[in-house]
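Written out below as structure tokens is the structure these notes cover.
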Amino acid sequence: MSEQTPPMSEGSFATAPLASVLDEVAAKQPAPGGGAVAALTGAMSAALGSMVLSYSSGRTSLADHTELHTSTSAALVRARALFLELADADAEAYAALQHAQRAAREGSAAPGTLVTAAEHAMGVPVRVVVAAGAVAEHFERAVEAEAINRWLLSDLAIAAELAASAARSAMWMVRTNGPLVAEHNGDLVPMREAETIADATSERASRIADAVARAIASSEPGG
């Protein structure tokens, strides 16, 4: 852990310096792990998308899209805050699952404690998938409407790729906890729904990439 940055245990992802977050992720400890990183990737996607919208809103050539800019910007701010909350929640859910598993091994767990903890540990990354899917949907809507400053299209393509990565990454944590949920007759419907959303988000990011590539090509000399 760096001497210049406080440990994550003293705060949350919303207030921690980036160097501190990276130190915590790299440390030999169970959390923050992949689930938190997936959520933080989603937060980066939303943040980069917000930057793109800030350079698109207010431009005379895009004045017809003011309402879309306003609603999308607000949605991305909310998404970024949600992703940060989910990064914190993932660590908490993992700790609760570990406690429940230990209690089950010792025979001191109350009925239903383990499956509840497992469902929650699966539910947090499911919410990351859903949020990432919604962010990518906002991006595609803006691209289809041609509401983005053309000089920022590549940034939006990157933001879309990050959203898809967040969804795909979170699905690994969903799948990891799925068998434990199934073993105790828990609800696997959220996992199946998240799979569908993650696939759709990847497809959406690919469409955005194709659209941005075409737009960039058409703006080049001789394009």
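The values are calculated or read from the model by the stated rules, or taken from the named source; none is laboratory data. These numbers were taken from a predicted model, which means no experiment stands behind them. All Cβ positions, glycine included, derive from the backbone under ideal geometry; neighbour counts span all protein chains shown. Please note that ligands, DNA and RNA were not included when accessible areas were found on the heavy atoms of the full protein model with its side chains. Shrake-Rupley method; radii C 1.70, N 1.55, O 1.52, S 1.80 Å.
The residues listed here are 103, 110; of these, the one that is in a loop (DSSP other than H, G, I, E, B), more than 22 Å from residue 11 (Cβ to Cβ) and without any contact (Cβ under 8 Å) to a residue 40 or more places away in the chain is 110.
Restricting segment 168-220 to residues that are outside any helix (DSSP H, G or I) and open to solvent by less than 40 Å² (accessible area, probe 1.4 Å), which is farthest from residue 157 (Cα to Cα)? Per the stated criteria, the residue is 186. Among the candidates 127, 141, the residue that is within 17 Å of residue 169 (Cα to Cα), open to solvent by 10 Å² or more (accessible area, probe 1.4 Å) and modelled with pLDDT of 95 or more is uniquely 127.
A single member of 93, 118, 136 is at pLDDT below 90 and touching a helix residue (DSSP H, G or I) at 6+ places or on another chain (Cβ under 6 Å), and it is 118. All but one of (1) surrounded by fewer than 24 Cβ atoms within 10 Å (Cβ to Cβ); (2) among the aliphatic types (A, V, I, L, M); (3) over 19 Å from the mean Cα position of the chain (by Cα) hold for residue 117, so report the exception by its number. Every listed condition holds for residue 117 apart from (1). Across segment 144-167, the qualifying residues are those that are open to solvent by 10 Å² or more (accessible area, probe 1.4 Å) and under 10 Å from the mean Cα position of the chain (by Cα), and the one among them that is farthest from residue 96 (Cα to Cα) is 162.
Check segment 68-76 and report whether any residue there is closer than 21 Å to residue 37 by Cβ and modelled with pLDDT of 95 or more. For segment 68-76, residues closer than 21 Å to residue 37 by Cβ and modelled with pLDDT of 95 or more: present.
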